[in-house]
Structure formats: structure tokens, C-alpha cells
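The block underneath contains the structure these notes are about, expressed in C-alpha cells.
The values are calculated or read from the model by the stated rules, or taken from the named source; none is laboratory data. Nothing here was measured: the structure is a model prediction, and the numbers come from that model. Because the Cβ atoms are built from the backbone with ideal geometry, glycine has one as well, and the counts that use them run over all protein chains shown.
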Amino acid sequence: MSLHRPRPPVTQPVFRFAPSPNGRLHLGHAYSALLNAELAARLGGRFLLRIEDIDPGRCRPEFETGIYEDLAWLGLKWEEPVRRQSEHLAEYRATLDRLKRQGLLYPCFCSRRQIAEVASRHEADAGPWPRDPDGSPLYPGTCRSLPIAARQARIAAGEAHAWRLDMAAACRLAGMSLPYIRFSPAGAEEQMAAFPERWGDPVLARKDTPTSYHLSVVHDDALQGVTHVVRGQDLEAATDLHVLLQRLLGVPTPRYHHHALIRDESGGKLSKSLFSESLADLRRRGATADEIRRMLGFQG
């Protein structure tokens, strides 16, 4: 299926909720799903569910089943069939290859530990090392200048590698201006500017799969005709990188809204990895779907 096929003019808004099946959904996921569905209904739009399961080490079938159970329990309905990213790796590989042909990617043979060690040595001797919006040390560019022959030899030898975006080259090709529209649920809109260079040279394909969150989400939003992306504030900075990829791939840029996060009693962010109380846990304790909806500010 081609990402770049002509698309008729958009006449209907399209929203999507796109969880990863690497744990049970919690209240933060419930809020995001309910907000997407409410806005889609308010604007006469479509509501899609997408399963972002490109991480084979963490995604499990029982968690995917739990997503369907939890969303149905909340009273949500979505279009079928549901897109499962693990079934479309060849599409992401083709999109990655397009960026390669543009000369925008290079293979990186460095491990996270090696990058962290470079940053630590620098900080011990010369002060802070630059970091991306998620707090990870920026890639020092070790493999960016490797000769083509050396790259090919290492790949041919089977050496594990990721594919990184050459940010400087990408920004030169995309141009200096990368605008996008931020909207509020009340209807206000504001033009924003993306600054993707703060991500350094990000990984667009990991060592164990031909894609990454950034690449697959941009591909799928374009393919599915998503017009409005509604997600948590923890993903707001990623929008800069997504707007850049949309420009490079020649696909539309959706409107974006990044809602406030639902937090626990101590003010911390809810997280699957921290085993935050799940919707299934709340259901077992006797909570009803109407109670959850009202708790989150939606009509019961």
C-alpha cells in the first residue's frame, strides 16, 4: 500500500487513539481515548483505533486484548479493521528506504552505553553534554562521517546497526520554516514553529526492527488520513520531529493538541512501567465506566 497515493480533499476530521500493548491501560489512556472520541463526535469526524506494536520484546497479545476490553468497557466504538503496526513493517521499510535514497540516513553502530559514556566523560571534564527533550544525551555523530565503504563492510559483516536521520541535511532539505497548527478543544487555533534540531540525529529504525515510533506514526497518520492528533503533553516535543518528517515525505501535517497528563496522588505521571493502577484494577475494585468518565470530566 502506497503512502504517497493521491488523497481526495479532506471533508471529515479524523482522530485516532494509538496505544502500545505493552501493559494495561490506565486513567491517562482513558482520558486520551475519551477526548479523541468526544472531539470526533463533536466535529462529525471519524474515530480510529491503532495498535502500535512494533516492539516485539514488550508488546504482548494479552495486553492488546486488554486494550479492546478496556475501551469497550468505557463505551467507546471505533472503526474496523484496527491497524496493527506489526503487520505493516514492509511499508515502514519502504518509507525508510525513501529517506535513504534522499541521502538523509546513515547507519549507526554505537550502543546506548557507548553514547552515554561519551557524554559522561565530557561532563566530567568540560561540563554539561547537550540532551534531547526526553533527557537522553544527544548523539555525538560518531558514525555520521564513516566512509561509505566502511559502512557497507560493517553491514555486510552482520554488525548490528540502527539508522539515524542526519538532522543537518534534513533541515537543509526541508527549509528553515516548519509551521504547524496547535488547536484547543474549544476550537481556538495557533500557528506554531517546529524546531526538530533539538533532537540531534534521532534513530528512525532500530537494530531489531525496520522502523521506530517516529517513523511509523508519521507514516500511519498520513496513510489513514488523520487530520487531528490528540495526545499527552509528554509527546509534545516529538511533534517537532514529526513535522520535519512530514515535510521530507511530502505528506500533510495534522493539527495537534497535547492535553494535560493525569497524575497520581503524589503528582507523578501515570506509567505502565511504574505499574500505575490500571483500568482493569479499578474495574476489579468495583468502579463503573460512568464513574471513570465523570472522574475524568466526561459525561457519564
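Can you run down the residue pairs with Cβ atoms below 7 Å, 6 or more apart or on separate chains, where the first is in the stretch 9-38 and closer than 13 Å to Arg231 by Cα and the partner is of a type in the set (Ser, Thr, Tyr)?
Going by the 7 Å Cβ cut-off, the qualifying pairs are Phe17/Ser32.
Is it fair to say Val229 is in contact with a helix residue (DSSP H, G or I) (Cβ under 7 Å, 6 or more places away or on another chain) and modelled with pLDDT of 95 or more?
On the way: in contact with a helix residue (DSSP H, G or I) (Cβ under 7 Å, 6 or more places away or on another chain): yes; modelled with pLDDT of 95 or more: yes.
When the stated conditions are applied, Val229 passes them.
Would you be able to tell me the number of residues in the stretch 221-260 that are among the hydroxyl-bearing types (Ser, Thr, Tyr) and either assigned to a loop (DSSP other than H, G, I, E, B) or not assigned by TED's automatic domain parsing to the domain that holds Arg182 (or both)? Even if it seems obvious, please write down each step before you answer.
Filtering the stretch 221-260 down to residues among the hydroxyl-bearing types (Ser, Thr, Tyr) leaves 227, 239, 253, 256.
Filter again for either assigned to a loop (DSSP other than H, G, I, E, B) or not assigned by TED's automatic domain parsing to the domain that holds Arg182 (or both), leaving 227, 253.
Qualifying residue count, the stretch 221-260: 2.
Which is touching a residue at least 60 places away in the same chain (Cβ under 8 Å), among the basic types (Lys, Arg) and not in a helix (DSSP H, G or I), of Arg182, Arg198? Reasoning before the result, please.
Details: Arg198 fails: not in a helix (DSSP H, G or I).
Going through Arg182, Arg198 in turn, the sole match is Arg182.
Would you confirm whether any residue within the stretch 159-168 is under 24 Å from Ala237 (Cα atoms), under 24 Å from the mean Cα position of the chain (by Cα) and part of a loop (DSSP other than H, G, I, E, B)? Spell out how you get there, then give the answer.
Of the stretch 159-168, the ones under 24 Å from Ala237 (Cα atoms) are 162-168.
Okay, now just the ones that are also under 24 Å from the mean Cα position of the chain (by Cα), so 162-168.
Applying the additional criterion that residues be part of a loop (DSSP other than H, G, I, E, B) yields 166.
The answer is yes; a qualifying residue exists.
Suppose we keep only residues that are part of a loop (DSSP other than H, G, I, E, B) and under 18 Å from the mean Cα position of the chain (by Cα) within the stretch 261-300. Which one would you say is modelled with the lowest pLDDT?
Here is the first cut: in the stretch 261-300, the ones part of a loop (DSSP other than H, G, I, E, B) are 261-262, 264-268, 270-277, 285-288, 296-300.
Add one more test, that the residue is under 18 Å from the mean Cα position of the chain (by Cα), and what stays is 261, 270-273.
Details: Leu261: 94, Leu270: 66, Ser271: 66, Lys272: 60, Ser273: 57.
So the residue we want is Ser273.
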